[in-house]
1. Scanning region 52-90 for residues that are of a type in the set (A, V, I, L, M) and assigned to a strand (DSSP E or B), which turns out surrounded by the most Cβ atoms within 10 Å (Cβ to Cβ)?
2. Does at least one position in region 862-876 carry a residue that is over 30 Å from Lys221 (Cβ atoms) and either assigned to a loop (DSSP other than H, G, I, E, B) or open to solvent by less than 60 Å² (accessible area, probe 1.4 Å) (or both)?
3. Restricting the search to region 200-215, which residues are open to solvent by 10 Å² or more (accessible area, probe 1.4 Å) and either farther than 17 Å from Val464 by Cα or of a type in the set (A, V, I, L, M) (or both)?
4. Go through Glu665, Glu718 for me and flag whichever is in contact (Cβ under 8 Å) with a residue 40 or more places away in the chain and under 26 Å from Phe357 (Cα atoms).
5. From the list Ser443, Ser425, Ser466, pick out the single residue that is outside any loop (DSSP other than H, G, I, E, B), open to solvent by less than 10 Å² (accessible area, probe 1.4 Å) and either without any contact (Cβ under 8 Å) to a residue 12 or more places away in the chain or more than 16 Å from ligand 1 (Cβ to nearest atom) (or both).
6. Go through region 478-503 and give me each residue that's over 22 Å from Tyr887 (Cα atoms) and of a type in the set (Asp, Glu).
7. Any residue that is among the hydroxyl-bearing types (Ser, Thr, Tyr), open to solvent by 10 Å² or more (accessible area, probe 1.4 Å), more than 10 Å from ligand 1 (Cβ to nearest atom) and out of contact with any strand residue (DSSP E or B) (no Cβ under 6 Å at 6 or more places or on another chain) - is there at least one of those in region 178-185?
Amino acid sequence: MTTLEDPVTQVRTVTAEIDGRSVTVPEGTTIYDAAKEVGVDIPVLCHNERYDPVGVCRMCVVDTGGRVFTAACVRPCEDGMTVQTDTPELRRNRATLTELLVSDQPPRAEDPKQTTTGDNLLLDLADRFDVARETTELPCDSGRGQDSSNPVIDVNHDACILCDRCVRACDDIQGNDVIGRTGKGYSTRIAFDLDDPMGQSSCVTCGECVQACPTGAITNKAINNIPIQPREQLDAVDSVCPYCGVGCALTYYVDRSRGAISFAEGRDQPGSQSRLCVKGRYGWDYAASPQRLTVPLIRVDSSYPKGPLSADVRGENDRGRVEGGNRSGGGREKKKGRDGRRKPGGLVDYDEVMPHFREATWEEALDLVARRLKEIHASDGPGAIAGFGSAKCSNEEAYLFQKLIRVGFGTNNVDHCTRLCHASSVAALFEGVGSGAVSTTYSDVANADVVIITGSNPTANHPVASSFFKQARRRGTKIIYVDPRASTVAEHADYHCQVKPGTDVAFYNAVMHEVIRLGLIDRDFIAARVSNYDELARTVADYPPERAAQITGVDADLIREVAKVWGEAGAAVIYWGMGISQHTTGTDNARCLIALCSITGNVGRPGTGLHPLRGQNNVQGASDAGLIPMFYPDYQGVDRDATRRRFEQAWGTQLDPNRGLTVTEIIGSVLKPGGVRGMYMLGENPFLSDPNINKVRKALGALDFLVVQDIFLTETAEFADVILPASSYLEKDGSYTNTDRRVQLGRKVMDPPGQARVDWEIVQDIAQRVGLDWNYSSASEIFDEMVSLMPSYANLRYDNLGLSGKLYPNADPEHSDGTVVLFDERFNTDDGLAHLVPAQWLPAKELPDAEYPLVLNTGRLLEHWHTGSMTRRSYALDTISPVAEVYLHPKDAADRGLAHGEMVRVRSRRGVIELRVRISHREQLGNCFIPFHFREAAANLLTIDEIDPYGKIPEFKFCAVQVEALGAERVESTATAGVGE
Ligand code: SF4
Ligand code: SF4
């Protein structure tokens, strides 16, 4: 056999003839792929280009002149091979195969579940080969049964043809490893875990298997009784998931006759590659909640003086009031509706709260907002005004909101929830490498030999990114997982360093100590591209692994081994989460990660770099757009004279030369004389998201004026003087920037309900009323102005973002996806060098003691998002994960005599909540974990409001608590959330 080498690419190639057409392809290319290249369509059933081929169904067999037909999806082309794909015999073969498979299918009634999304490939083949869709020649009841145990996915085993597409989708694409096979002969069927019902298995309801199934054996259930129609009857709207910073591309299929989404599906894009998690695929029905705000509301006179309005927000519950007025009941059963489904729980009761507001016209509400904010500005000065924007809103909305606060009110008191997630990472990155954005993408892990995932639970918080991490490991990348919790990703890791909470600096200093001792540093890189190495080396010299082992609890030998593995890697990358950033030492933690990458030369090449996994869908974009108190758009400092003059010229006004207050400082300032008196809250819900809620409650109640613009009556809105009904993500166009620096377009799916309006238009209306001459007519017009002030976004326009979006920086968006790896030649610092900043380990601010012996860690669940305002109104998400729980190590539970599902009281020095126990082997002895999404058991009643001195981020990951039995009440946990967590 002759194999030629392409003179340009040096790749060995073969030339074959397929249906008379000559094709030259790289060696190893399958006949199926080669045929596609020359426009020959070979029918397939078990094959899909997203999965490794297995050749089990034989639908794609072709004639290569051999003794038997061969499966085109697995057989590689050979040089000189002649292939026939469509002879009469092959057609007969495929028709017979199709007829046999169709014969064994259950009856195809009008039941839409049977055709799901109209993608029944088997029935398409029946049409293609002229086989009757209904045949009764064979018995069509395998007795394998149905499984409806998952709230949003149905399984009809009788329709399964055992093509293994779902198995490969679950294992190879999502890395969830849930589906296998069980049984023998005709009774063989797919099985979830050990043949458990799907809803009780470790399935995380990502829906990848639904997207994969070619026969309708695994199908979506209707959500909110909106029947699922075949896709050709629906409007396809290409958009982006509104939840986490991964920013998966998706398509919403919209039933215009019902004005509702029918289903959602992953869409190809270089980052997410058609994958989704449960939130993206099934969590979109929140927008249709009957609790949507549809009319402007003004607080009635009788509801002054202001205070919280509902029992949850007042700090009461149905069992009365306890000391501190902050008791709540998180674990109680939810009522069932008439349809037998559990009603969404933990939501505001409108009957309780709405009587405190009256409906108003937009004119009246907007006039009142502008008048009151102007009055406070006039009487107390610019510093008395502050604005919280939202990382859920688009880049354009973030840009316009910060511009309003800066230009309209002359203050830089504007911030958003980046302060609560990665502010310390950004502070360290700016100082170290001169840019707050990631230096490479999450899918670049494919090019890494070694990856450190630290302070992160990506299977819950960044599920699709985690699927790339798991996939990389299958291909040989070593995963070092450094985290106090044994989250699911620990099961996919080569090394799990289960550090004690708050000891990251000691751990990473010891790793660097060993890297230096073993001579595994990159001396050339350090000499050419790094400053302050000597001081770093002196600092980490004091952290031998034995000392770090005492502080961190990680065995010294494991630290040595991890250091060696990292130091010897050709390419190594670090992904980190809020377990690194949400500490009073968050900036120091991130400084250590920057130093570890820098001294080993692991920045600026494929498979290397620094990536703080950003939380909300647009936290990167909102920060880029200037929704932070110290920077104008693109991180241009407000306190730099030349910069400020440039913005003054662009915006036509004089600007405040002083840095503004951060989220946590604004809340604190309200309680001080001369502090903030009036606030504009756009889509932010500090009552649940900020630390030490008792303090937040006082601050919100003490404001002279609060306007809240949101889609629901949030806990924060209970303190509002005016509430403006806004648009959900699904009801507007806008651009959003994901954790990879990918700027993508979210497209309008439906109209806002009632009188609710698009957010940027509301901001503009207020701007006009405070005297600004704004007349933007579209989101793209705002985008163009924003980009003109942001060198990093240069060249991007709405019309060149395309369906996949573009990474920034991007010199040529018309032809390029953008820059994956930053800092290949220089860092963004003034001198182009990475500035190493050594850090000494410091203990957390509030250590456990005899009275409060456990360390509390707070965070997220897979099914919920931020303060739960959207996810708790999603049928799928709230059904899977309906109640608040405290996760306890089995011994900590046993020491307190606690059983799984039992109600307990968790108390810190700041508050007390009541919720159920979840006994979890994932917790460390002496630690507990509480998700912060649940208003009826708000974890932030317990957290401490100490902040990192640089990033000003609160210490959400560490405070001391006690857990005690509540008494008689013991209920079975119904939650399936985090089965894998
Ligand atoms: S929904 Fe996702 S996790 Fe569950 S079985 Fe299907 S592919 Fe696997
Ligand atoms: S991984 Fe994040 S962006 Fe992707 S579907 Fe899930 S929540 Fe949405």
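The values are calculated or read from the model by the stated rules, or taken from the named source; none is laboratory data. Keep in mind the model is a prediction, meaning the values are calculated, not measured. We place every Cβ from the backbone using ideal geometry, glycine too, and count neighbours over all the protein chains shown. For accessibility, only protein heavy atoms count, side chains too; no ligands or nucleic acids. Shrake-Rupley method; radii C 1.70, N 1.55, O 1.52, S 1.80 Å.
1. Keep residues of region 52-90 that are of a type in the set (A, V, I, L, M), which gives 54, 56, 59, 61-62, 68, 71-72, 74, 81, 83, 90.
So of that shortlist, the ones also assigned to a strand (DSSP E or B) come out as 61-62, 71, 83.
On the way: Val61: 23, Val62: 23, Ala71: 23, Val83: 25.
Out of the qualifying residues, it is Val83.
2. Kept after step one, since they are over 30 Å from Lys221 (Cβ atoms), are these residues of region 862-876: none.
Checked region 862-876: no residue is over 30 Å from Lys221 (Cβ atoms) and either assigned to a loop (DSSP other than H, G, I, E, B) or open to solvent by less than 60 Å² (accessible area, probe 1.4 Å) (or both).
3. Gln200, Val204, Val210, Cys213
4. Numbers: Glu665 fails: under 26 Å from Phe357 (Cα atoms).
Being in contact (Cβ under 8 Å) with a residue 40 or more places away in the chain and under 26 Å from Phe357 (Cα atoms) holds for just one of Glu665, Glu718, which is Glu718.
5. Details: Ser443 fails: open to solvent by less than 10 Å² (accessible area, probe 1.4 Å); Ser466 fails: either without any contact (Cβ under 8 Å) to a residue 12 or more places away in the chain or more than 16 Å from ligand 1 (Cβ to nearest atom) (or both).
Step by step, each of Ser443, Ser425, Ser466 is checked, and only Ser425 is outside any loop (DSSP other than H, G, I, E, B), open to solvent by less than 10 Å² (accessible area, probe 1.4 Å) and either without any contact (Cβ under 8 Å) to a residue 12 or more places away in the chain or more than 16 Å from ligand 1 (Cβ to nearest atom) (or both).
6. Asp494
7. No, because not a single residue in region 178-185 is among the hydroxyl-bearing types (Ser, Thr, Tyr), open to solvent by 10 Å² or more (accessible area, probe 1.4 Å), more than 10 Å from ligand 1 (Cβ to nearest atom) and out of contact with any strand residue (DSSP E or B) (no Cβ under 6 Å at 6 or more places or on another chain).
Every residue, every condition in (1) touching a Cys at 6+ places or on another chain (Cβ under 7 Å); (2) within 16 Å of ligand 2 (Cβ to nearest atom), yes or no:
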| residue | (1), (2) |
| --- | --- |
| Ser425 | no, no |
| Thr441 | no, yes |
| Val450 | no, no |
| Ile453 | no, yes |
| Pro458 | no, yes |
| His462 | yes, yes |
| Glu491 | no, no |
